Amino acid sequence: METNITPGAVSSQFMVAAYLVYLLVSITLTIWVARTLQRNGAPFLHEAFLGKEVLADSVNHLLVVGFYLMNIGFVALALKEHQTIWTLQEIIELVCAKIGKVLVMLGGMHFFNLYVFNRIRRSAMVRQMPPPVAPREYTKLPATAKAT
């Protein structure tokens with residue numbers, strides 16, 4: 001029995017396999033990091049928003065949605081590959097390189113979220129602080145004329 005498989009068809013099958021592994025791993029990592037950030041960021045935001053839990057939860061959800069959009073968009077844009085894949089080794093190298101880029105992007109987004117959380121928390125703490133120096137004197141206001 002003779003098979004008519006062309007070299008291009010084999011390479012195409014390797015590329016599809018590489019794309020599927022890349023998408024599966026990248027999207028799974030994105031979901032895991034987003035859930036971790038959402039779960040562990042919630043108490044931080046509750047403190048930053050001075051106990052306004054509904055507002056804190058809303059901001060947390062919006063940050064997670066933005067995180068998903070940025071990262072899954074990056075994964076989709078980075079999917080295309082121009083090199084031809086012929087061996088299992090090349091598949092592994094390609095998938096690892098692509099996943100490495102996704103991990104760097106996830107790490108960057110994680111630090112960006114930490115920066116945003118810290119800015120929100122710091123501004124909330126500044127609003128709660130007493131004045132830096134207690135006043136020593138007071139200015140008397142002029143008496144106001146009573147309306148008759």
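The values are calculated or read from the model by the stated rules, or taken from the named source; none is laboratory data. Since this is a predicted model, take the numbers as computed values, not measurements. Note that each Cβ is placed from the backbone with ideal geometry, even for glycine, and that neighbours are counted across all protein chains shown. Accessible surface areas use protein heavy atoms only, side chains included; no ligands, DNA or RNA. Shrake-Rupley method; radii C 1.70, N 1.55, O 1.52, S 1.80 Å.
Yes or no: residue 9 surrounded by fewer than 16 Cβ atoms within 10 Å (Cβ to Cβ), at pLDDT below 85, touching a helix residue (DSSP H, G or I) at 6+ places or on another chain (Cβ under 8 Å) and assigned to a helix (DSSP H, G or I)? Here the answer is no, as residue 9 does not meet what is asked. Would you pick out the residues in the range 18-69 that are aromatic (Phe, Trp, Tyr) and surrounded by fewer than 12 Cβ atoms within 10 Å (Cβ to Cβ)? Correct list: 32 only. The condition of being under 17 Å from the mean Cα position of the chain (by Cα) and part of a helix (DSSP H, G or I) holds for only one of 54, 59, that being 59. Out of curiosity, is residue 90 in contact (Cβ under 8 Å) with a residue 24 or more places away in the chain and touching a Lys or Arg at 6+ places or on another chain (Cβ under 8 Å)? Considered against the rule, which asks whether it is in contact (Cβ under 8 Å) with a residue 24 or more places away in the chain and touching a Lys or Arg at 6+ places or on another chain (Cβ under 8 Å), residue 90 comes out as no.
Residue pairs whose Cβ atoms lie under 7 Å apart, separated by 6 or more positions or on different chains, with the first residue in the range 32-51 and closer than 12 Å to residue 63 by Cβ and modelled with pLDDT of 80 or more and the second open to solvent by 50 Å² or more (accessible area, probe 1.4 Å) and of a type in the set (Phe, Trp, Tyr), are 34/68.
Figure legend. Inter-residue proximity from the range 59-87: first residues in contact (Cβ under 8 Å) with a residue 24 or more places away in the chain, second residues charged (D, E, K, R), beta-carbon distance below 7 Å, spacing 6+ or different chains. Indicated pairs: 78/98; 78/101. Across the range 116-138, which residue is farthest from residue 62 (Cα to Cα) among those that are modelled with pLDDT of 75 or more, surrounded by 10 or more Cβ atoms within 10 Å (Cβ to Cβ) and of a type outside the set (Lys, Arg)? Applying the filter and picking the extreme gives 123. For residue 76, are the conditions met, namely being at pLDDT below 85 and surrounded by 11 or more Cβ atoms within 10 Å (Cβ to Cβ)? Criteria not met by residue 76.
Would you be able to say whether some residue in the range 88-103 is closer than 30 Å to residue 123 by Cβ and open to solvent by 60 Å² or more (accessible area, probe 1.4 Å)? Give the derivation first.
Here is the first cut: in the range 88-103, the residues closer than 30 Å to residue 123 by Cβ are none.
Taking every residue of the range 88-103 in turn, none turns out to be closer than 30 Å to residue 123 by Cβ and open to solvent by 60 Å² or more (accessible area, probe 1.4 Å).
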